[in-house]
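See structure below.
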Amino acid sequence: MSQAPGAQPSPPSVYHERQRLELCAVHALNNVLQQQLFSQEAADEICKRLAPDSRLNPHRSLLGTGNYDVNVIMAALQGQGLAAVWWDRRRPLSQLVLPRVLGLILNLPSPVSLGLLSLPLRRRHWVALRQVDGVYYNLDSKLRAPEVLGNEDGVRAFLAAALAQGLCEVLLVVTKEVEEKGSWLRAD
């Protein structure tokens with residue numbers, strides 16, 4: 001069926017969870033996978049598997065509000081038949097073969113505030129980047145809506161800016177086959 005003259009094509013449906021408690025790792029997982037697969041309960045179960053004999057679990061907040069570490073994210077992805085590969089910040093981003101990467105999960109410093117008051121503290125925040133219908137999006141759960149990054153150049157520019165801040169870590173979400181072959185990396 002054709003569109004009316006002057007009508008804009010409808011934007012693709014992009015799954016985007018908003019921030020709740022300290023569940024940014026859960027939101028980043030669901031956003032990068034583009035569906036609700038994980039919950040706080042599922043993440044807590046992963047924490048228990050990772051440290052079954054621990055009274056105070058080192059993989060999450062002592063308060064039980066989330067703040068999950070990278071081990072929880074990696075175990076969650078492995079449970080979906082995927083892998084997380086650390087990006088070596090010393091490599092040029094031109095070596096990243098984005099078509100082989102399902103998505104990216106970044107760990108960024110995040111300011112802490114109480115209402116309008118900014119505190120001199122820094123926490124860590126998990127953010128997902130993903131391509132949907134040929135367009136890359138920033139799916140940060142603190143954003144009201146997904147932010148369009150555009151094409152591969154747009155996502156590389158976003159990554160370069162994040163890495164330039166110095167405290168950013170990048171995980172590539174890939175299939176097991178891509179991980180085993182190392183085909184996410186272009187040899188220059």
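The values are calculated or read from the model by the stated rules, or taken from the named source; none is laboratory data. Note that the structure is predicted; figures quoted are calculated from it, not measured. All Cβ positions, glycine included, derive from the backbone under ideal geometry; neighbour counts span all protein chains shown. Areas reflect the complete protein model, heavy atoms only, side chains present, ligands, DNA and RNA absent. Shrake-Rupley method; radii C 1.70, N 1.55, O 1.52, S 1.80 Å.
Some notes on this structure:
- Scan of the range 131-163 for residues that are open to solvent by less than 20 Å² (accessible area, probe 1.4 Å) and in a loop (DSSP other than H, G, I, E, B), ordered by number: L139, S141
- Residue ID - surrounded by the fewest Cβ atoms within 10 Å (Cβ to Cβ), chosen from residues in the range 44-59 that are over 16 Å from L82 (Cβ atoms) and either among the aliphatic types (A, V, I, L, M) or modelled with pLDDT of 80 or more (or both): L56
- Odd one out for V170 among (1) closer than 16 Å to L82 by Cβ; (2) over 16 Å from the mean Cα position of the chain (by Cα); (3) surrounded by 11 or more Cβ atoms within 10 Å (Cβ to Cβ): (2)
- Of all residues in the range 86-105 being under 14 Å from the mean Cα position of the chain (by Cα) and at pLDDT 95 or above, the one that is farthest from K142 (Cα to Cα): V101
- Residue in the range 63-71 that is modelled with pLDDT of 75 or more and either loosely packed, with under 13 Cβ neighbours inside 10 Å or more than 17 Å from the chain's Cα centre (by Cα) (or both) present: no
- For the residues A145, A164, A157, the requirement of being more than 24 Å from V26 (Cα to Cα), modelled with pLDDT under 95 and among the hydrophobic types (A, V, I, L, M, F, W, C) singles out A164.
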